[in-house]
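Laboratory data are not the source of any read-out in this text; all were calculated from the coordinates shown. The structure presented is a predicted model; accordingly, all values stated were derived computationally and were not measured. Positions of Cβ are generated from backbone atoms using ideal geometry, with glycine treated the same way; all protein chains shown enter the neighbour counts.
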Amino acid sequence: MLICGMGGTILTLWIMSLVMGLLGKLFPEKPAKKEA
Amino acid sequence: MADAIINGLGGLTVGFQMLAVDWRNTVMILVGFVLLYLGIKKDCEPLLLVPIGFGCILANIPLSDVMSQEGFIRAIYDAGITTELFPLLIFVGIGAMTDFGPVLAQPSTFLLGAAGQFGIFLTLLLALALGFPQLDAVAIGIIGACDGPTAIYVTSKYAPHLLGAVSVAAYSYMSLVPIIQPPIMRLLTTKKERETVMKPVAKPVSKTTKMMFPLVITILGGIIAPKGLPLLGTIMLGNLMRESGVVSRLTKASENEIANVVTLFLGLCIGATMVGSAFIKAQTLIILALGLVAICLDTVCGVLMGKVMRVATGGKVNPLIGAAGISAFPMAARVVQREGQKWNKKSYLLMHAMGANAGGQVGSVIAAAVMLSVLAGMGIIR
C-alpha cells in the first residue's frame with residue numbers, strides 16, 4: 001500500500017508536471033499586441 | 001383530571017430526565033458550544049464550525065429527532081452526504097476559486113504537492129497497526145490530505161460512522177496549520193537553508209495553458225486513478241469555468257451561492273453525526289491524535305522533498321516551501337512566507353509557496369484517487 005500509494009501519487013504528479021511543462025512550451029504567453 | 005395534568009407535565013420533563021441518564025449528550029452539547037466559540041470568537045473556520053457546532057447541539061438534545069428517519073437533518077444527510085454530492089459541489093466551488101497559475105509557472109512544484117500527501121499513507125499504515133479495520137484506516141489516513149471535502153467524500157463513502165470525528169479533525173487541524181507547521185519546519189532545516197533567497201517566479205502562463213490544465217489533469221488523472229474521478233472532475237470543472245471566462249455567472253454561483261448553501265448543509269450534517277453515544281469513545285481521541293500525526297508527517301515529507309529539490313538544483317530551493325505542499329490553501333503558503341521572512345528579510349517565498357500549495361490542492365485529490373484505485377486494485381474496496 002505504502003509503495004503503490006506514495007509511488008503512484010508522486011509518479012502521477014510527476015507525469016502531470018511534465019505534461020504541464022510541455023503545454024507551457026507549446027502555448028507560451030504571447031506579449032500583448034500594440035494597438036495601431 | 002389530575003393524572004392527565006401530571007402526565008402532561010411529565011412529558012415536558014422527560015428531556016431533563018434523559019439528560020441526567022446519559023451524560024454524554026451533555027458533554028457533546030458543551031463540545032458544540034466550544035465549536036461555536038472557536039468559530040465566532042476565535043474566527044477558526046467559522047463558516048464550518050458554526051453550523052457544525054449548532055448541528056452538534058441539535059443532535060444531542062435528548063429525544064431530538066433531527067437525525068431520525070423523518071428528521072430534517074437526516075433528509076439533508078441522505079440527499080447530500082450519503083450520495084457524496086455535497087463534497088463534490090464544494091469542489092466545483094474550490095476549483096472556481098483557485099488560481100493554479102503559480103504551479104503552472106513552476107510545474108516542478110507538483111512534486112512538493114505529492115510529498116505533502118505522504119502523511120495519508122503513513123497514517124493509514126499506523127491506523128492499521130493500531131488495529132483499526134481497513135476501511136476505517138483509509139478514512140483516518142485521509143485526514144492527512146488536509147482537505148475537508150476530500151476527507152468527507154472518502155469517509156462518507158467507506159466509513160460513514162467516523163464522519164464526525166474525521167471531519168472535525170480535518171477542519172480543526174487545517175485551521176491549526178500556522179501553529180503545527182513552523183516548529184517542524186525549523187527542526188528539519190538548517191539556518192542556512194531557511195535563509196536561502198529564491199529567484200522570483202517571472203514566467204507568465206498563457207490563457208491557453210491555464211484552460212488546457214483542467215482538461216489534461218482530468219483526463220490523465222481519470223485514466224490513472226478512475227476511483228477519484230468525481231473529485232478530480234468537479235474541481236477541474238470549476239477551474240475550467242473560471243479560466244475560460246465565458247461562464248462568469250456559473251463561476252460566481254459555484255464559488256458563492258452553491259458553495260455557501262452546501263457548506264451550511266454540510267456543517268449541519270457533520271455536527272449532527274456527533275451524537276454523544278457514538279462520538280465519546282477512546283477511538284475518537286485516537287482518531288484526533290492520528291489526524292495530528294498525519295498533518296505533521298505531511299509537513300515532514302514536504303520539507304524533506306524541498307531538501308531533495310535543493311540538492312538537485314544546487315542550492316537554489318529554500319526547503320521551507322515544501323511545507324506548503326499540503327492542501328490548506330493559501331494558509332500553508334502564508335506560513336512559509338512568514339517563516340522565511342523571519343530568517344531573512346530579503347526572502348520572498350510567497351509565490352514559490354503558492355505554487356507548492358496549489359500543487360498540494362491537486363496533490364490531495366490525486367493522492368486520494370490513487371489510494372482508492374490502489375485499494376480497489378487490491379480488492380479491499382469495490
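Quick check on the exposure proxy: order B:349, B:126 from fewest to most C-beta atoms within 10 angstrom. Could the numbers behind the result be given before it?
Numbers: B:349 24, B:126 19.
Least to most surrounded, the residues fall as B:126, B:349.
Just the Cα atoms of the protein assembly as shown: what Rg and Dmax do they give in Å?
When restricted to the Cα atoms of the protein assembly as shown, Rg and Dmax are 22.9, 96 Å.
For chain B, give the magnitude of the charge dipole about the Cα centre (Cβ charges: +1 Lys/Arg, -1 Asp/Glu; no others), in debye to the nearest 20. Don't jump to the answer; show the numbers that get you there.
Values: 27 positive and 18 negative charges, 381 e Å.
Roughly 1840 debye, rounded to the nearest 20.
Note down the relative contact order for segment B:80-377 as a percent, whole number, built from C-alpha pairs under 8 angstrom at least six residues apart. List each step's numbers first, then the result.
Numbers: 567 pairs, mean separation 108.1, N = 298.
Reported as a whole number, the value is 36 percent.
How many angstrom lie between the Cα centre of segment B:45-61 and the Cα centre of segment B:165-242?
A separation of 28 Å, based on Cα centres.
Longer than 24 Å from Cα to Cα, which of A:25/B:210; A:25/B:346; B:42/B:345; B:41/B:252; B:203/B:316 are they? Say none if no pair is. Show your work: numbers first, answer last.
Details: A:25/B:210 12 Å; A:25/B:346 31 Å; B:42/B:345 29 Å; B:41/B:252 29 Å; B:203/B:316 17 Å.
With Cα atoms farther than 24 Å apart: A:25/B:346; B:42/B:345; B:41/B:252.
Return the Rg/Rh ratio of segment B:1-139 with Cα-based radii and a Kirkwood Rh.
Numbers: Rg = 22.3 Å, Rh = 19.7 Å.
The Rg/Rh ratio comes out at 1.14.
List the residues whose amide H sits under 5 Å from the amide H of residue B:327, counting only those 5 or more places along or on another chain, with H placed 1.01 Å from N in the peptide plane.
For residue B:327, whose amide H was placed from the backbone, there are no distant partners under 5 Å.
Using every Cα-Cα pair within chain B, state what percent have a distance larger than 29 Å. Write down the numbers at each step before the final one.
On the way: 32071 of 72771 pairs.
Percentage above 29 Å: 44.
Can you list residues from other chains, or at least 5 along the same chain, whose modelled amide H is less than 5 Å from the amide H of residue B:198?
Under 5 Å from the amide H of residue B:198 lie the amide H atoms of B:348, each far enough along the sequence or on another chain.
Per residue of segment B:241-250, what does 6.51 cos²θ - 1.76 cosθ + 1.60 with θ = phi - 60° give for ³J(HN,Hα)? Whole Hz please, x for Gly and Pro, Karplus curve as stated.
For segment B:241-250, the Karplus curve yields 4, 5, 6, 5, x, 9, 10, 4, 5, 5 Hz.
For helix B:46-60, what angle does its Cα long axis make with the longest principal axis of chain B, in degrees from 0 to 90 and rounded to 10?
30
Fewest Cβ neighbours within 10 Å first, please rank B:132, B:100, B:110, B:16 accordingly. Present the calculation step by step, with values, prior to reporting the outcome.
On the way: B:132 22, B:100 26, B:110 30, B:16 10.
Lowest count first: B:16, B:132, B:100, B:110.
Where the only charges are on Cβ atoms (+1 Lys, Arg; -1 Asp, Glu), what is the dipole of the protein assembly as shown about its Cα centre, to the nearest 20 debye? Could the numbers behind the result be given before it?
Numbers: 31 positive and 20 negative charges, 425 e Å.
Dipole size: approximately 2040 debye.
Let me know the Kirkwood hydrodynamic radius for segment B:97-187, please, with Cα pairs as the basis and the value in Å to one decimal. Don't skip to the end; give the middle numbers.
Working: mean 1/r = 0.0699 Å⁻¹.
For segment B:97-187, the Kirkwood estimate is 14.3 Å.
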